[in-house]
Amino acid sequence: MVMGGGAGVSMLARFKIVTENTVLAMPAAAIGSYVGETYFLSRLPGSLGEYLGLTGARIDGAEMIACGLATHFVRSKEKQIENGREEKWIVDAINSMKSSTPTGLKLFLRSIREGRRQNLEGCLLHEYTVICHVIRRTMSNDFYEGVRAKLLEKGKKPEWQPSKLELVEEEMVDRCFGRVDEADWEPLQLPPRSNLVHDNNVASKL
């Protein structure tokens, strides 16, 4: 099972091996947080990245291979009989987003769409900026509220502020993508790397 920041790190590996038991999900946007996801989710076909990030939906090893999130499929030793899935994924997706922080959903959607135009460094820089604002409660207290209700007091219903998507204005989202104007909050400084990760804009240096 690979979720959240763990997936964000592992997706940078050259080889990504999965089995029929593998499960991947990106549920962090539900509480207004994410680390590393915008780079690889923004490069998935169509709007699959938005779907996975906004809903926290789980996909298995075969689905990861199909959409390019894994490089190799190895069947595990235990034989597993797969049960048929009912066509209810859209209902699950809607219910998941209804229970998530509206602020977090809008921040994630903006991030993944901007990530399509950025390399890995650009994605990490804008994620760092957004998370700094989330921690500082620039827009709301939703991250701390989500941790309290969903992780610490499991099963509690968070009280999101704003409580609806239509109440999260674009100006509020814009603020979270601007530099934190305080001395104690330095912009992210990435050290130079001797081995550059191959990507659309950077040639591999071996």
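Scanning the stretch 31-66 for residues that are open to solvent by 20 Å² or more (accessible area, probe 1.4 Å), in a helix (DSSP H, G or I) and of a type in the set (A, V, I, L, M) yields Ile31, Leu48, Leu54, Ala62, Ile65, Ala66. Step by step: first the residues of the stretch 18-30, then only those that are of a type outside the set (Val, Ile, Thr) and open to solvent by less than 10 Å² (accessible area, probe 1.4 Å), then the one that is farthest from Leu105 (Cα to Cα). Which residue is that? If we take residues in the stretch 18-30 being of a type outside the set (Val, Ile, Thr) and open to solvent by less than 10 Å² (accessible area, probe 1.4 Å), then Leu24 is farthest from Leu105 (Cα to Cα). Scanning the stretch 29-51 for residues that are within 8 Å of the chain's Cα centre (by Cα) and more than 16 Å from Phe143 (Cβ to Cβ) gives Gly36, Thr38, Leu41. Residues of the stretch 116-150 that are open to solvent by 60 Å² or more (accessible area, probe 1.4 Å), in contact (Cβ under 8 Å) with a residue 60 or more places away in the chain and more than 15 Å from the chain's Cα centre (by Cα): Glu121, Lys150.
Okay, residues lined up against (1) closer than 24 Å to Gly49 by Cα; (2) part of a helix (DSSP H, G or I); (3) touching a helix residue (DSSP H, G or I) at 6+ places or on another chain (Cβ under 9 Å):
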| residue | (1), (2), (3) |
| --- | --- |
| Arg113 | yes, yes, yes |
| Gly122 | yes, yes, yes |
| Tyr128 | yes, yes, no |
| Lys157 | no, no, yes |
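If you go through the stretch 126-144 and keep only what is aliphatic (A, V, I, L, M) and modelled with pLDDT of 90 or more, you end up with Val130, Ile131, Val134, Ile135. Of the residues Gly178, Gly104, the single one that is part of a loop (DSSP other than H, G, I, E, B) and of a type in the set (Gly, Ala, Ser) is Gly178. Every condition in (1) of a type in the set (A, V, I, L, M); (2) in contact with a Cys (Cβ under 7 Å, 6 or more places away or on another chain); (3) outside any helix (DSSP H, G or I) is met by Ala70 except one, and the failing one is (2).
In this structure, does Cys123 turn out to be closer than 19 Å to Ser42 by Cβ and touching a Gly at 6+ places or on another chain (Cβ under 6 Å)? Please lay out each step first, then the result.
Details: closer than 19 Å to Ser42 by Cβ: yes; touching a Gly at 6+ places or on another chain (Cβ under 6 Å): yes.
Considered against the rule, which asks whether it is closer than 19 Å to Ser42 by Cβ and touching a Gly at 6+ places or on another chain (Cβ under 6 Å), Cys123 comes out as yes.
Note on the stretch 183-206: among residues that are modelled with pLDDT of 80 or more and either open to solvent by 80 Å² or more (accessible area, probe 1.4 Å) or within 20 Å of the chain's Cα centre (by Cα) (or both), the one that is nearest to Leu124 (Cα to Cα) is Leu188.
Condition check for Lys154 on (1) without any contact (Cβ under 8 Å) to a residue 24 or more places away in the chain; (2) under 19 Å from Tyr34 (Cα atoms); (3) open to solvent by 80 Å² or more (accessible area, probe 1.4 Å): one failure, at (2).
The values are calculated or read from the model by the stated rules, or taken from the named source; none is laboratory data. As the structure is a computational prediction, the values presented were derived from the model and not from experiment. Every residue, glycine among them, receives a Cβ derived from its backbone with ideal geometry; neighbour counts consider all protein chains shown. Remember, those area values only see protein heavy atoms, side chains included, never the ligands or the DNA or RNA. Shrake-Rupley method; radii C 1.70, N 1.55, O 1.52, S 1.80 Å.
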